[in-house]
Amino acid sequence: MKKLSVSFVILMLVFGALGGAIAGSLLSRVFGLDFLVYELLPGRGIQINDFYILKNLELQLTPGAILGFAFVGWLLYRKEKG
C-alpha cells in the first residue's frame, strides 16, 4: 500500500476546493443551480491585504467548494486504500 505525502494531500484538497468552486459557478450560470454559489461566510468572506504580489485577496466558502473538497478527499481515500 502506497502512502501519500501530507503536502500532496493538502495541495490536492486545495485544488479540489478551487475546482468545486469553479464548477459550481459554471453550473450556476449554465443550468441556474444557484445553491452552489451561496456565500457561507458572513460579509465579504476572508480578506487578505498585501498577499505577496496581490494587493487584495478575498476568499469565499461556497457549497460548490465544499463538494469539490469532499470529492477529492474521497478520491484520495480510495487511492490510499486501493
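Once the Cα atoms of helix 63-81 and of the chain are each reduced to a long axis, what angle between those two axes, in degrees from 0 to 90 to the nearest 10, is obtained?
For helix 63-81, the angle is close to 10 degrees.
Multiplying the sequence separation of residue 50 and residue 26 by 0.36 nm and subtracting their Cα-Cα distance, what value in nm do you get?
5.8 nm
How would you order 32-43, 7-18, 48-59 from highest to lowest mean count of nearby Cβ atoms within 10 Å?
Taking the mean over residues of other Cβ atoms within 10 Å, the ranking is 7-18, 32-43, 48-59.
Under a cut-off of 29 Å between alpha-carbon atoms, report the lysines in cross-link reach of residue 2, not counting same-chain residues fewer than 8 places apart.
79, 81
Where the Cα atoms of the chain are projected onto their three principal axes, how long is each span, largest first, in whole Å?
Reported extents, whole Å, longest axis first: 44, 36, 20.
For the chain, what relative contact order do you get, as a whole percent, if you take Cα pairs closer than 8 Å and at least 6 residues apart? The partial results should precede the final answer.
On the way: 99 pairs, mean separation 32.4, N = 82.
Across the chain, relative contact order equals 39 percent.
No value in this document is a laboratory result; all are computed from the given coordinates. Predicted model, so just to flag it, every value in this text is computed and none were measured. When we count neighbours, we look across all protein chains shown, and the Cβ atoms used for this are built from the backbone with ideal geometry, even at glycine.
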